[in-house]
Amino acid sequence: MTDETSTSWREGAAPATAPPAAAAPSPATGPPAATQPSAATQPSAATRPSAAAAPAAGGPQATLGPPNPALQRWEIVTVFAVSLGASGVYALVQYIGSLTARQTISSQQVVVHGTLAPGRPLLDLFLQLTSITLALAPVLLVFYLLARSGEGPSSIGVDASQPGRDVTRGAVLAAVIGGSGLGLYLIAYHLGVELNVVAENLPDVWWRIPVLLYSAAQNAILEEVIVLGYLLSRLDRLGVKPAQAIALSAAIRGSYHLYQGVGAFIGNAVMGAIFGVLYRRWGRVTPMIVAHFLIDAVTFVGYALLAGHVSWLPAP
């Protein structure tokens, strides 16, 4: 049930001149006196706009409000084209590559979180931090679009107004979904229809665990803000039926995990459907961010500690 979206591709990793300024007119070349407006033709003080009527500089700006339906659809397509939708297309191509390889599916492996500079741990650290941080850029885009419509993160339930309840709900969800997801993966792998998913292969250095936790947080924030809160709220405005909106959200969530195998697609789609129903009920994304973070954190760190030491977990 690993949810690495920004690093699934890493296994292969490796003056314009200004125009000339116009000459300023000399006072001697101004218009002839005959063509200058006389005092009688100038607007009176009563008809001139007063200073009070002009908008104050730096004052509050009116929000744009929601765009028309066609523009709303373009907005959704644009957001996903630069984020998880693009990841879904890439994951599909990767999975087709796995299916058409000369090896069986279960004998192939895919690295979710891999090293970016083999043999250079300090460079690797900076590349990891840069990659994870930049992957959060679509979240800023979503928050900007919400603000342009007169909303904010709290409009989709991303805030700290209910910390105790959000953490409790997230922990319960993580325990149920995370455990079920692991079981589904192991069954699919031993049936020979799932790839060997290597959750991480970072060097065994001091920053390994902190980077894995940071990556888990990035996955949780990126996915839940975009594919859950943003998408469902926008589909509501377009009048899409709730069940259809949840199904679309779940399918997109599964799509960008397809590079891990069909089991990962199904497991994450089911997770997306559950999250969608609960988001409709609670009106909050934060519990799902908590749950997603815990699932990925346990997966990444657990794999780092257990891979090669227990028989039931496929070795890298």
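Before moving on, here are some points about what is shown:
- Which listed residue is loosely packed, with under 15 Cβ neighbours inside 10 Å, more than 22 Å from Val270 (Cβ to Cβ), among the small types (Gly, Ala, Ser) and out of contact with any Asp or Glu (no Cβ under 6 Å at 6 or more places or on another chain), from Gly179, Gly183, Gly152: Gly152
- Test: Gly308 is surrounded by fewer than 20 Cβ atoms within 10 Å (Cβ to Cβ) and over 30 Å from Ser161 (Cβ atoms): yes
- Against the test of being aromatic (Phe, Trp, Tyr) and within 15 Å of the chain's Cα centre (by Cα), the options Tyr279, Tyr230, Tyr303, Tyr259 yield a single qualifying residue, Tyr230.
- Scope segment 208-254; condition basic (Lys, Arg) and in contact with a Lys or Arg (Cβ under 7 Å, 6 or more places away or on another chain); matching residues: none
- Note on segment 85-107: residues that are part of a helix (DSSP H, G or I) and within 18 Å of Ala188 (Cα to Cα) total 7.
- Test for Asp159: is it of a type in the set (Asp, Glu) and either closer than 18 Å to Asp296 by Cβ or modelled with pLDDT of 95 or more (or both): yes
- Residues located in segment 60-81, provided they are among the aliphatic types (A, V, I, L, M), modelled with pLDDT of 95 or more and touching a helix residue (DSSP H, G or I) at 6+ places or on another chain (Cβ under 7 Å): Ile76, Val79
- Of the residues Val158, Val110, the single one that is surrounded by 15 or more Cβ atoms within 10 Å (Cβ to Cβ) and not in a loop (DSSP other than H, G, I, E, B) is Val110.
- Looking only at residues in segment 246-262 that are part of a helix (DSSP H, G or I), of a type in the set (Ser, Thr, Tyr) and at pLDDT 95 or above, the one that is surrounded by the fewest Cβ atoms within 10 Å (Cβ to Cβ) is Ser255.
- Flag if Arg234 is in contact with an Asp or Glu (Cβ under 8 Å, 6 or more places away or on another chain), assigned to a helix (DSSP H, G or I) and within 30 Å of Leu125 (Cα to Cα): no
The values are calculated or read from the model by the stated rules, or taken from the named source; none is laboratory data. All values derive from a computational prediction rather than experimental measurement. Please note: Cβ atoms are built from the backbone with ideal geometry, for glycine as well, and neighbour counts cover all protein chains shown.
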